[in-house]
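Data first, discussion second: the structure below is written as structure tokens.
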Amino acid sequence: MQPGVTLVVSAVLAALSLSVAPRAAAESEAVSLHERSLRATTIEHERETERKSWQNEYRRLLSSYLTARDRAALSRNAWRSLRKRHRLRGDARIEARTAIEDSRAELAAVIDAIDRFQARARVEQPPPGWRYQVEDEFPGIAREIASR
């Protein structure tokens, strides 16, 4: 090739590469924005899943606490009822005392499980705000458990 033609060909190639380069950069920037958006969405989804997991476990524990507390109250009321009717002899007395002791042990086990759960939550740092929605479903229970 002649020197003039080589110069023209290289100028055309340079012009083509310049017009392609901004387009490629723009496309790569769009892809990177899309990837960042997908990552942010994925992270948000993972946090939401983790929050729901913590909430479900806490909800289950508080529900167990309510059940155990109600059983303990029923067994104490049954004991009082037996005492009022003077039927505290023999098997009835043993069954009533056993029911009271079992319900107290169950309540203590649930409170212990809640304490361990809360200690784990302090260590693992679940997503913020996970606790409030559950405690709104069980008004006063969190304070009652904390005061024990």
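The values are calculated or read from the model by the stated rules, or taken from the named source; none is laboratory data. Note that this is a predicted model, so its numbers are computed, not measured. All Cβ positions, glycine included, derive from the backbone under ideal geometry; neighbour counts span all protein chains shown. The protein model used for the area step is the full one, side chains on, heavy atoms only, and it has no ligands, DNA or RNA in it. Shrake-Rupley method; radii C 1.70, N 1.55, O 1.52, S 1.80 Å.
Residues of the range 73-85 being assigned to a helix (DSSP H, G or I) and open to solvent by 60 Å² or more (accessible area, probe 1.4 Å), which ones? Explain how you work it out, then say what you get.
Filtering the range 73-85 for residues assigned to a helix (DSSP H, G or I) gives 73-84.
Matches in the range 73-85: Leu74, Arg76, Asn77, Arg80, Arg83, Lys84.
Here is a check on your reading of the model: is Val123 at pLDDT 85 or above, assigned to a helix (DSSP H, G or I), within 18 Å of Gln55 (Cβ to Cβ) and over 16 Å from the mean Cα position of the chain (by Cα)?
Numbers: at pLDDT 85 or above: yes; assigned to a helix (DSSP H, G or I): yes; within 18 Å of Gln55 (Cβ to Cβ): yes; over 16 Å from the mean Cα position of the chain (by Cα): no.
No; evaluated as a whole, the condition is false for this residue.
Among the residues of the range 102-120, is there at least one that is open to solvent by less than 40 Å² (accessible area, probe 1.4 Å), of a type outside the set (Phe, Trp, Tyr) and not in a helix (DSSP H, G or I)?
no
Yes or no: Arg59 within 30 Å of Arg104 (Cα to Cα), open to solvent by less than 70 Å² (accessible area, probe 1.4 Å) and at pLDDT 90 or above?
Details: within 30 Å of Arg104 (Cα to Cα): yes; open to solvent by less than 70 Å² (accessible area, probe 1.4 Å): yes; at pLDDT 90 or above: yes.
When the stated conditions are applied, Arg59 passes them.
Among the residues of the range 62-93 satisfying the criterion of being more than 19 Å from Arg143 (Cβ to Cβ) and hydroxyl-bearing (Ser, Thr, Tyr), which is modelled with the lowest pLDDT? Step through it out loud before you land on a result.
Kept after step one, since they are more than 19 Å from Arg143 (Cβ to Cβ), are these residues of the range 62-93: 71, 74-93.
In the following step, the residues that additionally are hydroxyl-bearing (Ser, Thr, Tyr) were identified as 75, 81.
Working: Ser75: 89, Ser81: 79.
Checked the range 62-93; the qualifying residue modelled with the lowest pLDDT is Ser81.
Examine the range 49-72 for a residue that is out of contact with any Phe, Trp or Tyr (no Cβ under 6 Å at 6 or more places or on another chain), over 27 Å from Arg148 (Cα atoms), in contact (Cβ under 8 Å) with a residue 40 or more places away in the chain and part of a helix (DSSP H, G or I), and state whether such a residue exists.
The answer is yes, given that some residue of the range 49-72 is out of contact with any Phe, Trp or Tyr (no Cβ under 6 Å at 6 or more places or on another chain), over 27 Å from Arg148 (Cα atoms), in contact (Cβ under 8 Å) with a residue 40 or more places away in the chain and part of a helix (DSSP H, G or I).
Check whether at least one residue in the range 126-148 is open to solvent by less than 30 Å² (accessible area, probe 1.4 Å), at pLDDT 90 or above and assigned to a helix (DSSP H, G or I), and report yes or no.
no
When residues of the range 114-148 are filtered for being over 30 Å from Ile43 (Cβ atoms) and touching a residue at least 40 places away in the same chain (Cβ under 8 Å), how many remain? Talk me through it step by step, then tell me what you get.
Taking the range 114-148 first, the residues over 30 Å from Ile43 (Cβ atoms) are 115, 139-141, 143-148.
Keeping just the survivors that are touching a residue at least 40 places away in the same chain (Cβ under 8 Å) gives 141, 145.
Adding up the residues that qualify gives 2.
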